[in-house]
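The values are calculated or read from the model by the stated rules, or taken from the named source; none is laboratory data. If you're wondering where the values come from, they're calculated on a predicted model, not measured in any experiment. In this analysis, Cβ positions are derived from the backbone assuming ideal geometry, glycine residues included, and neighbour counts consider all displayed protein chains. Note: areas computed on protein heavy atoms with side chains; ligands, DNA, RNA excluded. Shrake-Rupley method; radii C 1.70, N 1.55, O 1.52, S 1.80 Å.
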Amino acid sequence: MLSALAMKLPHIDRLATRATFFCSGFATAAWASSIPFIKLNVQLSDGAMGLMLLCLGCGALIGMPVSGICTSRFGCKKVLIGTVSAITLLLPLLVLATSPSALAFTLVLYGISIGTTGCTMNIQAIAVEKAANKPLMSGFHGFYSLGGMMGAFVLTLLLTAGITPLAATGITSSLIMALLILSTPGYSAQVVSQRGPYFAMPRGPVFIIGIVCFVFFLAEGTVLDWSGIFLNEYRAIPASAAGMGIVCFSIAMTLGRLLGDAIVTRLGARAVVTLGSLIAISGFLISLSLPHWQTALLGYALIGVGCSNIVPIMFSAAGKQNVMPGPLAITAVSSLGYIGVLSGPAIVGFGAELAGLPAALYGVVLLVVLALLLSKRVRLAPAA
């Protein structure tokens, strides 16, 4: 009945793609909100928990090339049904793990499912955007950010209400499965066979796009992982309130992405990338240079606005270039971007150890400047 109702909705392919991005963000936030309970359940030290997170990251890096293979053989529809279903099954299993080996194995599988879903939903999004012949990618990524915010809110609400972690993740999985059932009619069943390898090192414009995504994923990860420490140690915000930086950043990024398609249509992708980079740079400089916690929060909001539409624009450009097949390009760009997410906090931490956290964050600003210069070599859509 749900599928029949979904088939009657206009632009079901767009709605399905938005719902899938939302589910991916929702599931990622649900896992992150469960980490304290999982750590306690398995009795892990901080170092051991770091290794568990590495298992998740390695699984995601495995899943990204797998998505190129699977979508070329089976199409986006079958792959998304399989991977999103796997996410709903694995999420409750994470809180049931009682040994490090069981948790590590489950996290690798969960990472593979998340990584494969991430690449495949971007391949689906590019196909939908091409069919619509207008910018849609920022809005799709906006629903990922919205899903992340809602996932953290829903799971926190359930856990604080006294519901067990298993029941909370089970409810989360049920919500995701319901959205998957509604979305299935809108997935692309077309199989686009490709010659040559299913995974290759990025080349030409795809390599440049990948480097730009690497830098901006690194910048986003830096805010998420280091803003609390910076606010607490350098702006005298209590540790209990240091998460305000992430809140300002996340809200600004979500709003920027939800409004991004209209902005890209009006100004053009090139202007949005240039203006967004400059806004992000100004946000970093404001947060680092002015000695007030209020201006630091303003800076994080500006970083969120500035970064919000650059990665979606780059993914769209990767799907439209003609040097590499679209699925292959998306896989390569996603892999480079995810490496930025994984390595960014460690790079900043190493720089902070050598020269202090502010100096390390100024280094991130230099990387954003470099990414802006490199983006000039990427062919982007003009204004409508």
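Remind me, relative contact order of the chain in percent, using alpha carbon pairs under 8 angstrom and six or more residues apart?
24 percent
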- Query: Can you give the accessible area of His11, probe radius 1.4 Å, in Å² rounded to 10?
  - Reply: 110 Å²
- Query: In whole angstrom, how long is each semi-axis of the equivalent ellipsoid of the chain, when you take the square root of 5 times every eigenvalue of its Cα gyration tensor and sort them from largest down?
  - Reply: 29, 27, 20
- Report the percentage of all Cα-Cα pairs in the range 61-116 whose separation exceeds 14 Å, rounded to a whole percent. 54 percent
- Which of Pro65, Ser343, Gly356, positive extreme of dipole for the chain (C-beta unit charges): Pro65
- Note on the structure: Scaled by the rule-of-thumb 2.2 N^0.38 Å, the alpha carbon Rg for the range 31-95 gives a ratio of 1.36
- Assuming a viscosity of 0.890 mPa s and a temperature of 25 °C, what translational diffusion coefficient in µm² per second does Stokes-Einstein assign to the range 98-147, Rh being the Kirkwood radius over Cα pairs? 192 µm²/s
- Query: Across bins of 10 angstrom width beginning at 0, how are the C-alpha pair distances of the range 260-338 distributed, in whole percent?
  - Reply: 19, 35, 31, 12, 3
- Stokes-Einstein D for the range 37-196, Kirkwood Rh over Cα pairs, 25 °C, 0.890 mPa s (µm²/s): 145 µm²/s
- Task: For the range 231-384, calculate the relative contact order in percent as a whole number, restricting contacts to Cα pairs under 8 Å that are 6 or more residues apart.
- Result: 30 percent
- Using helices alone, what [θ] at 222 nm do you get for the chain, with -39,500 (n - 2.57) per DSSP H run of 4 or more residues, divided over all residues and rounded to the nearest 500? -28500 deg cm²/dmol
- Among the helices of the chain (complete DSSP H runs), which have Cα atoms covering no less than 24 Å along the helix axis and a Kyte-Doolittle mean of at least 0.0? 12-42, 46-96, 100-132, 137-160, 165-183, 205-234, 269-289, 326-355, 357-375
- What is the magnitude of the charge dipole of the chain about its Cα centre, with +1 placed on the Cβ of each Lys and Arg, -1 on the Cβ of each Asp and Glu, and no other charges, expressed in debye to the nearest 20? 1240 debye
- Quick one: ranking Asp13, Asp225, Asp261 by accessible area, 1.4 Å probe, largest first, what do you get? Asp225, Asp13, Asp261
- Give me the Kirkwood hydrodynamic radius of the range 290-384 in Å, from all C-alpha pairs, to one decimal place? 15.6 Å
- Query: If contacts are Cα pairs under 8 angstrom and at least 6 residues apart, what is the relative contact order of the range 53-122 in percent?
  - Reply: 61 percent
- Message: Run the reach check for Lys134 against lysines, Cα to Cα strictly under 22 Å, same-chain hits fewer than 8 apart removed. What comes back?
- Response: Lys320, Lys376
- Query: Top mean-square fluctuation among Ser99, Ser227, Ser334, Gaussian network model of the chain, C-alpha springs under 10 Å?
  - Reply: Ser99
- Choice from Ile114, Ile87, Ile251 showing the highest fluctuation, given a GNM over the chain with Cα pairs closer than 10 Å: Ile251
- Query: On the first, second and third principal axes, largest extent first, how far apart are the outermost C-alpha atoms of the range 208-306 in Å?
  - Reply: 42, 25, 21
